[in-house]
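Read through the structure below, which is laid out as structure tokens, and then see the notes.
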Amino acid sequence: MLNKIIIIITLTLVVYSQNTTPKIPTYHIDTIDVNKKRYITGKSGEILMNVNIWGHINTPGSRIVPAGTDFVSLFSEVGGPLNGSNLSNIKLYRAYPDSNGFSVYSVNLNSFIKNGDRSGFLKIKPDDTIIVKKRRLYYLIEQLNMFNSIIGITTIIIQLLNIFN
């Protein structure tokens with residue numbers, strides 16, 4: 001008799017727990033390869049994703065941003081590009097190839113800067129990596145500055161050697 005009561009209580013608890021469990025909504029952002037993409041749900045239910053941004057920008061690193069973030073919003077999040085950034089050839093590397101098989105894209109932000117045109121923007125997806133390089137001229141200037149520093153240090157050493165000899 002005690003066994004029957006325990007079984008009835010157990011079944012009642014199982015049925016009760018199944019009926020009172022709140023339904024957790026599921027989100028489907030992109031039906032293509034949705035299992036490979038990593039979306040995160042924020043505290044208030046917003047859908048977030050991780051994006052990496054490297055290179056010649058104010059604060060490179062990994063960011064968690066809202067799904068649907070575009071290049072302007074992402075660049076604003078990281079403090080924008082530094083002077084000398086090559087905004088005509090920004091590389092976007094997909095974590096997983098698109099349905100067309102591509103995993104590397106080149107993005108030109110100059111048309112946005114000139115006239116606000118966002119038509120050339122690609123959709124940023126979870127775990128994408130965006131790399132902003134320096135323009136060649138700025139790279140050359142940096143190298144010349146280092147060369148000038150080496151020449152200056154060498155001159156000081158020669159002067160000191162002449163003084164002590």
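Go through 72, 65 for me and flag whichever is β-branched (Val, Ile, Thr), in contact with a helix residue (DSSP H, G or I) (Cβ under 9 Å, 6 or more places away or on another chain), at pLDDT 90 or above and part of a strand (DSSP E or B). Going through 72, 65 in turn, the sole match is 65.
For segment 112-128, taking the residues that are surrounded by 15 or more Cβ atoms within 10 Å (Cβ to Cβ) and not hydrophobic (A, V, I, L, M, F, W, C), the one that is farthest from residue 49 (Cα to Cα) is identified as 128. Within segment 31-50, is even one residue under 30 Å from residue 139 (Cβ atoms), at pLDDT 55 or above and under 21 Å from the mean Cα position of the chain (by Cα)? Looking through segment 31-50, at least one residue is under 30 Å from residue 139 (Cβ atoms), at pLDDT 55 or above and under 21 Å from the mean Cα position of the chain (by Cα).
The set of residues in segment 46-62 being over 22 Å from residue 87 (Cβ atoms), free of Cβ contacts under 8 Å to residues at least 24 places away in the same chain and in a strand (DSSP E or B) consists of 47, 48.
Contact annotation: no residue pair with Cβ atoms under 9 Å, 6 or more positions apart or on different chains, pairs a residue in segment 147-165 that is in contact (Cβ under 8 Å) with a residue 24 or more places away in the chain with a partner that is of a type in the set (Val, Ile, Thr).
Of all residues in segment 82-108 being within 15 Å of the chain's Cα centre (by Cα) and farther than 18 Å from residue 120 by Cα, which is surrounded by the most Cβ atoms within 10 Å (Cβ to Cβ)? Within segment 82-108, the match that is surrounded by the most Cβ atoms within 10 Å (Cβ to Cβ) is 95. Given the structure, is residue 113 of a type in the set (A, V, I, L, M) and touching an Asp or Glu at 6+ places or on another chain (Cβ under 9 Å)? No: the conditions fail for residue 113.
Which one of these is touching a residue at least 60 places away in the same chain (Cβ under 8 Å) and of a type in the set (D, E, K, R): 128, 117?
Exactly one of 128, 117 is touching a residue at least 60 places away in the same chain (Cβ under 8 Å) and of a type in the set (D, E, K, R), namely 128.
The set of residues from segment 64-99 being touching a residue at least 24 places away in the same chain (Cβ under 8 Å), among the polar types (S, T, N, Q) and either more than 23 Å from residue 142 (Cα to Cα) or in contact with a Pro (Cβ under 6 Å, 6 or more places away or on another chain) (or both) comprises 69, 99.
The values are calculated or read from the model by the stated rules, or taken from the named source; none is laboratory data. Keep in mind that this is a model prediction, so the values were computed, not measured. All Cβ positions, even for glycine, are placed from backbone atoms using ideal geometry, and neighbour counts span all protein chains on display.
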